[in-house]
Amino acid sequence: MQTIRIKRPAKGSPTDGRSSADSNERARPGPGRDLSPLLAGAATAVGGFGALLALADSDSPLRGPLTLFFLLAAPATAIGAALRGLERFGRTLAAVAGAIVLNMLVAQGMLAVHRWSVRGAIIAVTVISFLLLLGCVTVKPTKR
C-alpha cells in the first residue's frame, strides 16, 4: 500500500507543487548537490567487493568489514525499495531491522539443516535480496 500526499501549489509558486524556495534550492548548482547516485554507486561497489572477497576466501583484513557491510546493505536496500511509501526515517529503520532479521533467518535455517557455510549464507542472502528487489521493480502497485 502506498500513501500519496498531494500538496496544492500556493499562489505565485511553480505549477509542479514545489515552493519557490525548493525550486531555487534544486536549481542551484554547486558542490555537494545530488550526491545520492554517487554514494549509492560507491556503496554497491563496496558491498560487491566484500561479497567477492568472502566468496573467494581471501585473507584480506578488509574481508570481514566489507562482507558485514554487504550482508546488511543488500537486504536493507531491497526492503527499503519495497517500502517506498513510508517516510525516510521509518523506511530506513524498517529496512535495517528487516536486513538483520533476514540474516538471522538465513543463519537459523542453515544451522537447522546442518548446512552452515559462509559462502552458502552469502549466496542465500544475495538471492533473497535480488528476488525482493526484482519483485519491487516488476510488480505494478494496485490502485485503491
For the range 103-124, give me each residue that is within 20 Å of Leu52 (Cα to Cα) and surrounded by 11 or more Cβ atoms within 10 Å (Cβ to Cβ). Asn103, Val106, Ala107, Trp116, Val118, Arg119, Gly120, Ala121, Ile122, Ile123, Ala124
Determine, yes or no, whether Leu93 is surrounded by 11 or more Cβ atoms within 10 Å (Cβ to Cβ) and either within 23 Å of Ala42 (Cβ to Cβ) or not hydrophobic (A, V, I, L, M, F, W, C) (or both). yes
Across (1) at pLDDT below 90; (2) within 17 Å of the chain's Cα centre (by Cα), Pro31 clears everything bar (2)
Please count how many residues of the range 44-59 are closer than 19 Å to Leu72 by Cβ and modelled with pLDDT of 90 or more. 11
Exactly one of these conditions fails for Val127: (1) out of contact with any Lys or Arg (no Cβ under 6 Å at 6 or more places or on another chain); (2) open to solvent by less than 70 Å² (accessible area, probe 1.4 Å). Give me its number. (2)
Would you mind listing the helices (runs of 4 or more DSSP H) fully within the range 46-144 where at least 2 residues are within 19 Å of Ser36 (Cα to Cα)? 63-82, 88-112
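The values are calculated or read from the model by the stated rules, or taken from the named source; none is laboratory data. In this text, all values refer to a predicted model and were calculated from it rather than measured experimentally. Neighbour counts are summed over all protein chains in view; Cβ atoms, including those assigned to glycine, are modelled from backbone coordinates with ideal geometry. These area figures cover heavy atoms from the full protein model, side chains too; ligands, DNA and RNA do not enter into them. Shrake-Rupley method; radii C 1.70, N 1.55, O 1.52, S 1.80 Å.
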